[in-house]
Amino acid sequence: MPRPAPLHPALARTAPLLSALAATALLLTACGTERADAGNTGVGATESPSPTKVADPGKDGVRVISLTLPSPSPSPTRSHAVSADGLATDSGIVAGYEVTNKGTETLTYSVIIGFMSADGGAMGNQSVTVRDVGPGKTVRGTVRAGELPPTTPQVTQAKVLEVRKVPASEAPAASGTCPASGIRVSADQGDAAMGLRVVGLHLDNCGTRDYTVDGYPLLELLDDDLKHVDGVKILDSTGAVTPGSGDDNQQAGPVTLGPGESATASLVWHNTTEFGTPVNVPYVRVRAKAGADPVIVTPNLDLGTTGKLDVTPWQETER
């Protein structure tokens, strides 16, 4: 899964207070060269400092093209929007970006943009999803840096840190939407404890009829070019994801989800590196069951040299 750049020491000391540093998702549709803003300008948006052009070389057709910084003010308040804890305020910092599809099929992009101080220290990262960019098309948009603590050093630059792109027909459905199949498949950001890595797969019945799965999700591991990754064993597991977690002996069997119900499965691995070449799997093609529509998720599995990946069976999510 994508790992954002380490935060600047001054920001790291206050980072636990920033519950709102969640990713900002922009859902854009490209039918040509378009302009789309983040839509979260907030109070005080009438004050519009001029953006400064940015010389970001970018990655995979995605680059930052401008950076807008708030006008200097004698007031210590960065913005009119103040978080509930009273320590972090909206920074008013906005990065403009550009996505150009140089390929031959319509793609959906997942991008991480980093905001940095003059010395290159990471002040924060934001994620952007840009959907349905047609071949040869360009989409432009903006993303806000969001809330930053008052002690954060001044942000002076922004750049693209990571780009993931998948065929639009296999991209996870946008939040709040439901595919024609009535089933939505996605992956979370994962968790790491005691050297164990876990990424959750989520299956939501957003349709109007019951949906039954039996056993394990079907997986195909893919490299940066969306080609099959060899040399990794995918092992069906019924053991505990984490010792003592109470999920021992998860039994594989039929799970029927009514409309509005969900199930989860887990990808589990150790990223131990010993002898051999470490394996990284940026993409996983997931089918809820045989014959189901494929969905490509981007967990960025750093498998080390273990050569194996455990997967647990679908289990209905408790309400």
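The values are calculated or read from the model by the stated rules, or taken from the named source; none is laboratory data. Please read these numbers as outputs of a predicted model, since none were measured by experiment. Positions of Cβ are backbone-derived with ideal geometry, glycine not excepted, and every protein chain shown enters the neighbour counts. Note: areas computed on protein heavy atoms with side chains; ligands, DNA, RNA excluded. Shrake-Rupley method; radii C 1.70, N 1.55, O 1.52, S 1.80 Å.
Highest mean packing first, where packing is the average number of other Cβ atoms within 10 Å per residue, the peptides 61-68, 257-264, 172-179 line up as 61-68, 257-264, 172-179.
Excluding ligands, DNA and RNA, the accessible surface per residue across segment 83-216 is 40 Å² with a 1.4 Å probe. Surface composition of segment 115-236: carbon and sulfur atoms hold 47% of the protein heavy-atom accessible area at a 1.4 Å probe.
Please give me, ordered by residue number, the trypsin sites (Lys or Arg not before Pro) of segment 198-233 that lie in loop per DSSP and have at most 13 other Cβ atoms within 10 Å. Each step should come with its number before you reach the end.
Working: sites: ARG209, LYS227, LYS233; in loops: ARG209, LYS227.
Those satisfying the criteria are ARG209, LYS227.
At 0.36 nm per residue, and after removing the present C-alpha to C-alpha distance, how many nm does the segment from LEU196 to ALA55 gain when stretched out fully? Going from the current span to full extension adds 46.8 nm.
Determine the shape class of segment 161-240: with a ≥ b ≥ c the square roots of the Cα gyration tensor eigenvalues, call it rounded for a/c under 1.5, and otherwise prolate if a/b is greater than b/c, oblate otherwise. Present the calculation step by step, with values, prior to reporting the outcome.
Values: a/c = 1.61, a/b = 1.23, b/c = 1.31.
Oblate, since a/c reaches 1.5 and b/c is not below a/b.
Ignoring lysines fewer than eight residues from LYS53 along the same chain, the ones with Cα atoms less than 30 angstrom from its Cα are LYS102, LYS137, LYS159, LYS165. For segment 248-319, the solvent-accessible area with a 1.4 angstrom probe is 47 square angstrom per residue.
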